[in-house]
Amino acid sequence: MSEHIKVSGLKVTAPTGDNDEVTIVDDVAFAIPRGEVLALIGESGSGKTTIALSLMGYARGGCRISSGSIRVGDTEVLSLDRSGLRDLRGRRVSYVAQSAAASFNPSKTIMAQVTEAVLIHGVASRKEAEIRAVELFRALSLPEPESIGSRYPHQVSGGQLQRLMAAMALITEPELVIFDEPTTALDVTTQIDVLLAFKRVIRERGITAVYVSHDLAVVAQMADHILVLNQGKVRELGKTAQVLKQPEDSYTQTLISAITPCRRDTGNEATTEQPLLEIRNLVAGYGRSDKNGMPAMPILKDVNLTILRGRTLGVIGESGSGKSTLARVVAGLLPAARGEVLLDGEPLPGTLAGRSKDQFRRIQIVFQNADTALNPSHSVAQVLGRPLTFYHGLKGNERERRIGAMLDLVKLPATVAGRRCGELSGGQKQRINLARALAADPELILCDEVTSALDTVVGAAILDLLVELRRELGVSYMFISHDISTVRSLCDDILVLYAGRGVEAGSRDTFQQPPFHPYTELLIDSVPELEQGWLERSRRPVAPVPLVDGVRDLELCPFLDRCPVRIAGTCDQLAPPRVVLSDGSEILCHHSEAELLLPPRDYAMAAQR
Amino acid sequence: MKSVLFLILRRIGTVLLTLFLVSMVVFSLSSLLPGDAAQQLLGQSATPEAVAALREVLGLDKPGHLRYLDWLRGLIVGDPGISLANDLPVAQLVAERLPRSLLLAGIAALVSVPLALTLGIASAMYGGTRVDRFLNTLTLTMVAIPEFLVATTLVLVFAVKLNWVSALSYAPPGASFGQFIAAYALPVLTLFFVLVAQMARMSRAAVLDQLSQPYVEMAVLKGASLPRVVLRHALPNAIGPIANAVALSLSYLLGGVIIVEVIFNYPGIASLMVDSVANRDMPLLQTCAMIFCAAYLLLVLIADICAIVSNPKLRT
């Protein structure tokens, strides 16, 4: 039998407060043939990471593998003693964690950490280990493979660190590698490079792997088999094609339908063309400002946007593009260095102190992480009651009645009012977070990555709620997200931010097919599709040769360094013009509309001219 | 590398500025003490004329800010004035006493720091086990007992009842090693009691904090042994907080030294300061206060530099 890994009857328990135990993984069984990849998929709390870690005989924070059998090759992992486990970990089974930034020791060099397992297990000499490491760096397409090892973790980017961690896991040539959400923390454009590198290494070396993820589209690219988990129990186990195409279990079907892009009907075509919020030539950033009023670290550079009354503007960009800074400026948390923010045609004061109570009321913000945005020891009634009293002077029965109405709006039962925020689930907290903003009776709600911390199914329900609220209350949203599919499904208008500049703006229809700005194109092409083989087929423009570093004019195209179709002599010399395309969208690019419609290879030819 | 130098220079600048501010506070506070040296020297029965004449001689009649500037200048060039009580230069008095205090503090630190760190790290390494609980109880008990009680108990047991060592601790120049140990055993043991507990607890907390980081789990999953995980992975990242804990504890040593020197009648700088308060000997008092403050700031500075140098984000 070619089963390499065989798990049966696995049960993991966690301690509860009162000397009792609760089962978090129950009766899980699966087998993986040698050289194949099994994906463990499920939402948070499904036990997928717990199962993956138990393959190394490891359980986190007080949890206990209470029964079952885990065989790696001929070894029964659960019967190993402490030194037996040490010999297994890092040598025969290795681990790639979710957050590379936290999983690298900040005070040791990368090379010391990558080669550590080799030295611990005495697999090879230090010199031999370093040669192997450089080979792996090269195989994982890391830049400067010879010298990257001498750097410290904070000196390389997140995507590189994630690949370095894979090198760390592969260096002892283990027979089983566990990938635990290895790309979840990455930007979508970086994720695809990392996935390609992982996939190639897995195939070339014939590694048996367990790939933990919540993202079915990613799993479709990586896995041969999929194990669907829900609350610690197996829901479905099968070949990738079968699970994706003919899911047998109802829970799997829910998961798949939650990520299938749907165009949410925004339902208010008859809105006035009256601008609610206008931003003109906004410059904002952090740090001390110089004598021209420019901040030391400018984040937003010359941003323009308009949100019409009753419409939704999606702001999309990768981490560090200035999305949240934009929300902070509109909310009055960060004064603009230059430019204006107009609400209903009236300029908004830059600081909180300068704004009136009514201006506060009209713009509300909903933060990404409801866990930290709500005081866990306040009751829901307190959280919702405060804006009602502050903005509308409601007290007593009147206030109670409004709190009930607010809960009804976000589809929570009225009994929730008496509970503490800390006792609620993630999705419930995000609803309370939204209800708190609605309690002020705002005209504009700034939604900063409101579904990013939620599971797919829960997040989709929140998006539906947003659409419904807009239909009922006529509020406008600025919907900030890193996920283009979410933005396309929800928003009327879209603004693409790159390095603090708006590179493309248009209605959502213009984001359905080309022409796009080259960055938008990269962004759209990088979103994995729920289809096997997409990763190999995805047309990846050749990564451009990096430009020679030097002082660069801020006026130049911000995407210059990564642009696959940049025109030598033009893009690195002249500021890009703002061009209005025939479909009505506006882009910041030197290319003509006709050139942007060409497939990437022909681009390069066009660029040569 | 350049930025590290800049960071360190900036810390040194802060230390100098703090010292300057402290000098103002010390000077104005000490002039608030009731009575003055002229009154103290001449006694209760002196005539007002005699007191006034002596004040003029001692320069006590000049306005406060002029006396401050004079004193500050003297402090900078290393001549902090003449002791009012016994007519000797303050510099000479301090030069005689300071090395002895430093010797006592040095021995106490030398004994306590390595032991405290070992206890703290061991306790973190075996967090939650019986070893940890035992060490916790021990250090907590030690922290709870005030040093004067420890000192008097030690004197009562070892000097008075058992008669092993002298209750007064002073090793004359040229004392043998045995005499030296006998003289320093009790005061060092007293200081050790207070110091060890604090440092051990704080280094335990610093290491435990690092042990909960994901990179430690990663090291465990690479198959690293417990000592390797703690010593090679967690400890280098805990150096900053540990250095700060050690600096704070050692600065506590200065306060501890006052009580210990008085109880064991040890001729150090702290007992000199206590005498100067009793005699209203302002120049001496002010100088001692400045020395204590400077020593404190120096310790904190060293801790800061340790933290900067041990952190690659700041170093590179």
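The values are calculated or read from the model by the stated rules, or taken from the named source; none is laboratory data. All values derive from a computational prediction rather than experimental measurement. Glycine also receives a Cβ, built like all others from the backbone with ideal geometry; neighbour counts cover every protein chain displayed.
Please determine, by comparing only the residues of segment A:141-161 that are within 13 Å of another protein chain (Cβ to nearest Cβ) and in a helix (DSSP H, G or I), which one is nearest to A:Ala129 (Cα to Cα). Ranking the qualifying residues of segment A:141-161, first place goes to A:Ser150. Per the listing A:Arg60, A:Arg82, A:Arg92, A:Arg71, the residue uniquely under 30 Å from A:Glu146 (Cα atoms) and of a type outside the set (Ser, Thr, Tyr) is A:Arg92.
Within segment B:215-227, the set of residues being farther than 21 Å from A:Leu170 by Cβ and either small (Gly, Ala, Ser) or at the interface with chain A (Cβ under 7 Å from one of its Cβ atoms) (or both) comprises B:Ser225 only.
Going through (1) more than 14 Å from chain A (Cβ to nearest Cβ); (2) of a type outside the set (D, E, K, R); (3) out of contact with any Pro (no Cβ under 8 Å at 6 or more places or on another chain); (4) closer than 23 Å to B:Leu195 by Cβ one by one, B:Ile239 falls short only on (1).
Number of residues in segment B:127-163 that are hydrophobic (A, V, I, L, M, F, W, C) and under 15 Å from B:Phe264 (Cα atoms): the value is 11.
Restricting attention to segment A:75-102 and to residues that are charged (D, E, K, R) and buried (at least 17 other Cβ atoms within 10 Å of the Cβ), the residue that is farthest from A:Gln162 (Cα to Cα) turns out to be A:Arg86.
Scanning segment A:89-99 for residues that are within 7 Å of another protein chain (Cβ to nearest Cβ) and either free of Cβ contacts under 8 Å to residues at least 12 places away in the same chain or more than 17 Å from A:Ala59 (Cα to Cα) (or both) yields A:Arg91, A:Ser99.
Residues in segment A:168-199 that are of a type in the set (A, V, I, L, M) and closer than 14 Å to A:Gly158 by Cα were compared, and the one that is surrounded by the most Cβ atoms within 10 Å (Cβ to Cβ) is A:Ile192.
Return yes or no: is A:Ile110 in contact with a Pro (Cβ under 9 Å, 6 or more places away or on another chain) and either within 21 Å of B:Leu221 (Cβ to Cβ) or within 13 Å of chain B (Cβ to nearest Cβ) (or both)?
When the stated conditions are applied, A:Ile110 passes them.
When A:Gly84 is tested against (1) outside any loop (DSSP other than H, G, I, E, B); (2) within 10 Å of another protein chain (Cβ to nearest Cβ); (3) of a type in the set (Gly, Ala, Ser); (4) within 21 Å of B:Pro227 (Cα to Cα), exactly one condition is not met: (2).
Examine segment B:189-206 for a residue that is more than 22 Å from the chain's Cα centre (by Cα), surrounded by fewer than 22 Cβ atoms within 10 Å (Cβ to Cβ) and within 14 Å of chain A (Cβ to nearest Cβ), and state whether such a residue exists. Taking every residue of segment B:189-206 in turn, none turns out to be more than 22 Å from the chain's Cα centre (by Cα), surrounded by fewer than 22 Cβ atoms within 10 Å (Cβ to Cβ) and within 14 Å of chain A (Cβ to nearest Cβ). Taking the conditions exactly as written (within 14 Å of chain A (Cβ to nearest Cβ) and either part of a helix (DSSP H, G or I) or closer than 29 Å to A:Lys108 by Cα (or both)), does B:Leu231 satisfy them or not? Here the answer is yes, as B:Leu231 does meet what is asked.
Going by the conditions given, is A:Glu43 surrounded by fewer than 23 Cβ atoms within 10 Å (Cβ to Cβ), under 30 Å from the mean Cα position of the chain (by Cα) and not β-branched (Val, Ile, Thr)? Yes; evaluated as a whole, the condition is true for this residue.
In the set (1) farther than 27 Å from A:Gly427 by Cβ; (2) of a type in the set (Gly, Ala, Ser); (3) within 14 Å of chain B (Cβ to nearest Cβ), the condition left unmet by A:Ala102 is number (1). Of the residues contained in segment A:84-98, one or more are found to be under 25 Å from A:Asp187 (Cα atoms) and at pLDDT below 90.
Could you say which residue among B:Val260, B:Val230 is within 30 Å of B:Arg204 (Cβ to Cβ), touching a residue at least 60 places away in the same chain (Cβ under 8 Å), hydrophobic (A, V, I, L, M, F, W, C) and touching a Phe, Trp or Tyr at 6+ places or on another chain (Cβ under 8 Å)?
B:Val260
Of all residues in segment A:115-140, which are surrounded by 16 or more Cβ atoms within 10 Å (Cβ to Cβ) and outside any helix (DSSP H, G or I)? Matches in segment A:115-140: A:Thr115, A:Val123, A:Ala124, A:Leu140.
Is it true that B:Gly223 is without any contact (Cβ under 8 Å) to a residue 12 or more places away in the chain, not aliphatic (A, V, I, L, M) and not in a helix (DSSP H, G or I)? Spelling it out, B:Gly223 is indeed without any contact (Cβ under 8 Å) to a residue 12 or more places away in the chain, not aliphatic (A, V, I, L, M) and not in a helix (DSSP H, G or I). Scanning segment A:360-385 for residues that are surrounded by 14 or more Cβ atoms within 10 Å (Cβ to Cβ) and free of Cβ contacts under 8 Å to residues at least 12 places away in the same chain turns up just one, A:Gln382.
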